[in-house]
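One structure below.
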Amino acid sequence: MRILLIEDQKKMSAFLEKGLGEAGYEIEIATDGDAGLALTLTRRFDLLLVDVMLPKKDGWTVVEEARAAGVRTPILFLTARDSVPDRVKGLELGGDDYLVKPFAFTELLARVRSLLRRPAASPEHLRVDDLELDLRRNQASRGGAPLHLTAKEFLLLAHLVRAGGEVVSREEVAGHVWGIDFRTSTNVLDVMVRRLRAKVDDPYPKKLIHTVRGAGYVLKGN
(Lines give C-alpha, C1' and ligand atoms only; values in the text may rest on other atoms or scores of the structure.)
Protein backbone atom coordinates (compact mmCIF):
# COMPACT_ATOMS: atom_id res chain seq x y z
CA MET A 1 0.00 0.00 0.00
CA ARG A 2 1.35 3.40 -1.02
CA ILE A 3 0.76 6.45 1.18
CA LEU A 4 1.53 10.06 0.31
CA LEU A 5 2.38 12.19 3.35
CA ILE A 6 2.10 15.94 2.73
CA GLU A 7 3.82 17.44 5.78
CA ASP A 8 6.39 20.22 6.14
CA GLN A 9 7.60 19.41 9.66
CA LYS A 10 10.71 17.26 9.30
CA LYS A 11 10.47 15.60 12.71
CA MET A 12 6.83 14.63 12.14
CA SER A 13 7.61 13.35 8.63
CA ALA A 14 10.51 11.25 9.87
CA PHE A 15 8.42 9.87 12.75
CA LEU A 16 5.52 8.87 10.48
CA GLU A 17 7.75 7.55 7.71
CA LYS A 18 9.54 5.25 10.18
CA GLY A 19 6.38 4.06 11.93
CA LEU A 20 4.29 3.49 8.82
CA GLY A 21 7.24 1.91 7.04
CA GLU A 22 7.65 -0.58 9.88
CA ALA A 23 3.91 -1.30 9.59
CA GLY A 24 4.46 -2.35 5.98
CA TYR A 25 3.44 0.76 4.06
CA GLU A 26 5.40 2.48 1.31
CA ILE A 27 5.67 6.21 2.08
CA GLU A 28 6.34 9.15 -0.19
CA ILE A 29 6.72 12.65 1.28
CA ALA A 30 5.91 16.09 -0.08
CA THR A 31 6.98 19.08 2.01
CA ASP A 32 4.66 21.75 0.58
CA GLY A 33 1.19 21.99 -0.88
CA ASP A 34 2.22 22.53 -4.49
CA ALA A 35 4.44 19.44 -4.52
CA GLY A 36 1.79 17.42 -2.70
CA LEU A 37 -0.93 18.32 -5.17
CA ALA A 38 1.33 17.59 -8.15
CA LEU A 39 2.08 14.09 -6.80
CA THR A 40 -1.58 13.51 -6.00
CA LEU A 41 -2.62 14.31 -9.56
CA THR A 42 0.11 12.38 -11.35
CA ARG A 43 0.78 9.27 -9.25
CA ARG A 44 -1.35 6.55 -7.76
CA PHE A 45 -1.64 6.31 -3.97
CA ASP A 46 -3.87 4.28 -1.69
CA LEU A 47 -4.09 7.00 0.98
CA LEU A 48 -3.20 10.67 1.47
CA LEU A 49 -2.11 12.08 4.84
CA VAL A 50 -2.41 15.86 4.59
CA ASP A 51 -1.31 18.52 7.05
CA VAL A 52 -3.46 21.66 6.94
CA MET A 53 -0.81 24.32 7.58
CA LEU A 54 1.52 23.91 4.61
CA PRO A 55 3.79 26.33 2.72
CA LYS A 56 2.87 27.45 -0.83
CA LYS A 57 -0.61 25.89 -0.73
CA ASP A 58 -2.51 24.92 2.41
CA GLY A 59 -3.99 21.48 2.98
CA TRP A 60 -7.57 22.72 2.52
CA THR A 61 -6.72 23.88 -1.00
CA VAL A 62 -4.75 20.74 -1.86
CA VAL A 63 -7.70 18.52 -1.00
CA GLU A 64 -10.28 20.80 -2.62
CA GLU A 65 -8.33 20.92 -5.90
CA ALA A 66 -7.58 17.20 -5.84
CA ARG A 67 -11.26 16.34 -5.41
CA ALA A 68 -12.22 18.80 -8.15
CA ALA A 69 -9.78 17.00 -10.47
CA GLY A 70 -11.48 13.67 -9.79
CA VAL A 71 -9.11 12.20 -7.20
CA ARG A 72 -11.04 9.77 -4.99
CA THR A 73 -8.15 8.50 -2.88
CA PRO A 74 -9.02 8.38 0.86
CA ILE A 75 -7.69 11.44 2.71
CA LEU A 76 -6.83 11.84 6.39
CA PHE A 77 -6.17 15.38 7.61
CA LEU A 78 -3.43 15.79 10.24
CA THR A 79 -3.53 19.15 12.01
CA ALA A 80 -3.24 21.05 15.26
CA ARG A 81 -6.45 22.92 14.42
CA ASP A 82 -9.00 21.18 16.61
CA SER A 83 -12.06 23.44 16.48
CA VAL A 84 -15.37 21.99 15.35
CA PRO A 85 -15.61 24.42 12.37
CA ASP A 86 -12.16 23.30 11.18
CA ARG A 87 -13.14 19.64 11.39
CA VAL A 88 -16.36 20.29 9.53
CA LYS A 89 -14.51 22.26 6.87
CA GLY A 90 -12.02 19.45 6.33
CA LEU A 91 -14.78 16.89 5.84
CA GLU A 92 -16.85 19.16 3.61
CA LEU A 93 -13.85 19.80 1.34
CA GLY A 94 -13.48 16.08 0.76
CA GLY A 95 -11.49 14.70 3.68
CA ASP A 96 -12.48 11.25 4.95
CA ASP A 97 -11.12 11.63 8.47
CA TYR A 98 -9.50 14.27 10.72
CA LEU A 99 -6.84 13.63 13.37
CA VAL A 100 -5.69 16.36 15.72
CA LYS A 101 -2.03 16.78 16.67
CA PRO A 102 -0.50 15.63 18.93
CA PHE A 103 -1.81 12.10 18.48
CA ALA A 104 -0.74 8.60 19.48
CA PHE A 105 0.78 6.65 16.62
CA THR A 106 -1.45 3.67 17.47
CA GLU A 107 -4.53 5.83 16.84
CA LEU A 108 -3.12 7.06 13.52
CA LEU A 109 -2.35 3.50 12.47
CA ALA A 110 -5.87 2.37 13.36
CA ARG A 111 -7.40 5.17 11.28
CA VAL A 112 -5.07 4.44 8.36
CA ARG A 113 -6.09 0.78 8.39
CA SER A 114 -9.76 1.71 8.65
CA LEU A 115 -9.59 4.04 5.64
CA LEU A 116 -7.68 1.49 3.57
CA ARG A 117 -10.33 -1.15 4.28
CA ARG A 118 -13.09 1.00 2.80
CA PRO A 119 -14.17 0.01 -0.70
CA ALA A 120 -12.89 2.54 -3.21
CA ALA A 121 -15.52 4.60 -4.98
CA SER A 122 -15.34 4.52 -8.75
CA PRO A 123 -15.09 8.12 -9.98
CA GLU A 124 -17.20 9.23 -12.91
CA HIS A 125 -14.62 11.77 -14.07
CA LEU A 126 -10.87 11.44 -14.53
CA ARG A 127 -8.40 14.17 -15.36
CA VAL A 128 -4.71 14.38 -16.21
CA ASP A 129 -3.40 17.80 -17.20
CA ASP A 130 -5.92 19.14 -19.75
CA LEU A 131 -7.22 15.67 -20.64
CA GLU A 132 -10.66 14.86 -19.17
CA LEU A 133 -12.67 11.64 -19.25
CA ASP A 134 -16.36 11.26 -18.44
CA LEU A 135 -16.69 7.56 -17.63
CA ARG A 136 -20.46 7.61 -17.37
CA ARG A 137 -20.89 8.97 -20.90
CA ASN A 138 -17.71 7.42 -22.35
CA GLN A 139 -16.62 10.84 -23.54
CA ALA A 140 -13.15 12.38 -23.60
CA SER A 141 -11.87 15.89 -24.24
CA ARG A 142 -8.56 17.70 -24.26
CA GLY A 143 -8.28 21.41 -23.66
CA GLY A 144 -12.07 21.51 -23.75
CA ALA A 145 -12.23 20.07 -27.28
CA PRO A 146 -14.00 16.70 -27.69
CA LEU A 147 -11.96 13.67 -28.70
CA HIS A 148 -13.79 11.32 -31.06
CA LEU A 149 -12.67 7.91 -29.82
CA THR A 150 -13.87 4.42 -30.61
CA ALA A 151 -15.10 2.29 -27.71
CA LYS A 152 -11.80 0.41 -27.47
CA GLU A 153 -9.73 3.59 -27.77
CA PHE A 154 -11.68 5.08 -24.87
CA LEU A 155 -11.22 1.89 -22.84
CA LEU A 156 -7.48 1.99 -23.44
CA LEU A 157 -7.20 5.68 -22.61
CA ALA A 158 -9.18 5.29 -19.39
CA HIS A 159 -6.96 2.39 -18.34
CA LEU A 160 -3.82 4.45 -18.88
CA VAL A 161 -5.28 7.38 -16.93
CA ARG A 162 -6.32 5.16 -14.02
CA ALA A 163 -2.76 3.83 -13.79
CA GLY A 164 -1.82 7.16 -12.22
CA GLY A 165 1.42 7.72 -14.10
CA GLU A 166 2.66 4.14 -13.71
CA VAL A 167 3.78 2.00 -16.64
CA VAL A 168 1.15 -0.42 -17.96
CA SER A 169 2.49 -3.51 -19.72
CA ARG A 170 1.43 -4.55 -23.21
CA GLU A 171 -0.03 -7.74 -21.73
CA GLU A 172 -2.14 -5.78 -19.25
CA VAL A 173 -3.37 -3.40 -21.95
CA ALA A 174 -4.30 -6.26 -24.26
CA GLY A 175 -6.10 -8.19 -21.54
CA HIS A 176 -8.03 -5.12 -20.41
CA VAL A 177 -9.07 -3.91 -23.88
CA TRP A 178 -9.74 -7.25 -25.58
CA GLY A 179 -10.47 -9.34 -22.49
CA ILE A 180 -8.42 -12.28 -23.74
CA ASP A 181 -4.86 -13.62 -23.68
CA PHE A 182 -3.94 -11.37 -26.57
CA ARG A 183 -0.73 -12.06 -28.47
CA THR A 184 1.29 -8.95 -27.78
CA SER A 185 3.60 -9.69 -30.68
CA THR A 186 0.85 -8.66 -33.08
CA ASN A 187 0.83 -5.11 -34.39
CA VAL A 188 -2.88 -4.57 -33.65
CA LEU A 189 -2.04 -3.08 -30.26
CA ASP A 190 0.61 -0.82 -31.80
CA VAL A 191 -1.91 0.37 -34.39
CA MET A 192 -4.47 1.22 -31.70
CA VAL A 193 -1.92 3.13 -29.62
CA ARG A 194 -0.81 5.01 -32.73
CA ARG A 195 -4.41 5.97 -33.55
CA LEU A 196 -5.02 7.04 -29.96
CA ARG A 197 -1.91 9.23 -30.01
CA ALA A 198 -3.08 10.82 -33.26
CA LYS A 199 -6.23 11.98 -31.49
CA VAL A 200 -4.94 12.70 -27.99
CA ASP A 201 -1.41 14.01 -28.62
CA ASP A 202 -0.71 14.95 -32.23
CA PRO A 203 -2.76 18.20 -32.26
CA TYR A 204 -1.08 19.40 -29.05
CA PRO A 205 2.52 20.45 -28.26
CA LYS A 206 2.55 18.55 -24.96
CA LYS A 207 2.51 14.77 -25.34
CA LEU A 208 0.82 12.66 -22.67
CA ILE A 209 1.11 9.08 -23.96
CA HIS A 210 4.62 7.60 -23.91
CA THR A 211 6.10 4.24 -24.84
CA VAL A 212 8.52 2.71 -22.34
CA ARG A 213 10.69 0.42 -24.42
CA GLY A 214 10.50 -3.17 -23.28
CA ALA A 215 7.90 -2.37 -20.59
CA GLY A 216 4.70 -0.89 -22.03
CA TYR A 217 2.96 2.48 -22.00
CA VAL A 218 2.49 5.35 -19.58
CA LEU A 219 0.30 8.44 -19.57
CA LYS A 220 1.77 11.40 -17.70
CA GLY A 221 0.78 15.02 -17.19
CA ASN A 222 2.83 17.65 -15.36
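The values are calculated or read from the model by the stated rules, or taken from the named source; none is laboratory data. None of these values were measured; they are calculated from a predicted model. Ideal geometry is used to build each Cβ from the backbone, glycine not excepted, and the neighbour counts take in all protein chains shown.
Given the criteria at pLDDT 90 or above, in contact with an Asp or Glu (Cβ under 8 Å, 6 or more places away or on another chain) and either closer than 18 Å to His159 by Cβ or outside the structural domain of Glu153 (by TED's automatic domain parsing) (or both), does Leu219 qualify? No: the conditions fail for Leu219.
Scanning the range 14-55 for residues that are in a helix (DSSP H, G or I), without any contact (Cβ under 8 Å) to a residue 60 or more places away in the chain and over 19 Å from Asp97 (Cα atoms) gives Ala14, Glu17, Lys18, Gly21, Glu22, Asp34, Ala35, Leu39.
For the range 159-194, the candidate set comprises residues that are over 25 Å from Gly70 (Cβ atoms) and among the charged types (D, E, K, R); within that set, the residue that is modelled with the highest pLDDT is Arg194.
Condition test on Leu157, is it in the same structural domain as Arg195 (by TED's automatic domain parsing), of a type outside the set (Asp, Glu) and not in a strand (DSSP E or B)? Criteria met by Leu157.
Would you be able to say whether some residue in the range 12-32 is touching a Phe, Trp or Tyr at 6+ places or on another chain (Cβ under 8 Å) and either basic (Lys, Arg) or in the same structural domain as Glu166 (by TED's automatic domain parsing) (or both)? No, the range 12-32 has no match at all. Does Asp134 qualify as being among the charged types (D, E, K, R) and closer than 23 Å to Arg2 by Cα? No, not satisfied. Taking the range 151-169 as the range and being touching a residue at least 24 places away in the same chain (Cβ under 8 Å) and either in contact with a His (Cβ under 6 Å, 6 or more places away or on another chain) or not aliphatic (A, V, I, L, M) (or both) as the test, the residues that pass are Lys152, Glu153, Arg162, Gly164, Gly165, Glu166, Ser169. When the test is whether a residue is in a strand (DSSP E or B), at pLDDT below 90 and either closer than 30 Å to Glu17 by Cβ or within 17 Å of the chain's Cα centre (by Cα) (or both), Leu126 passes it. Report yes if some residue within the range 195-204 is surrounded by fewer than 16 Cβ atoms within 10 Å (Cβ to Cβ), within 29 Å of Leu37 (Cβ to Cβ), modelled with pLDDT under 95 and among the hydroxyl-bearing types (Ser, Thr, Tyr); otherwise report no. The answer is yes; a qualifying residue exists. One residue stands out among those in the range 36-84 that are surrounded by fewer than 23 Cβ atoms within 10 Å (Cβ to Cβ) and among the polar types (S, T, N, Q): the one that is modelled with the highest pLDDT, which is Thr61.
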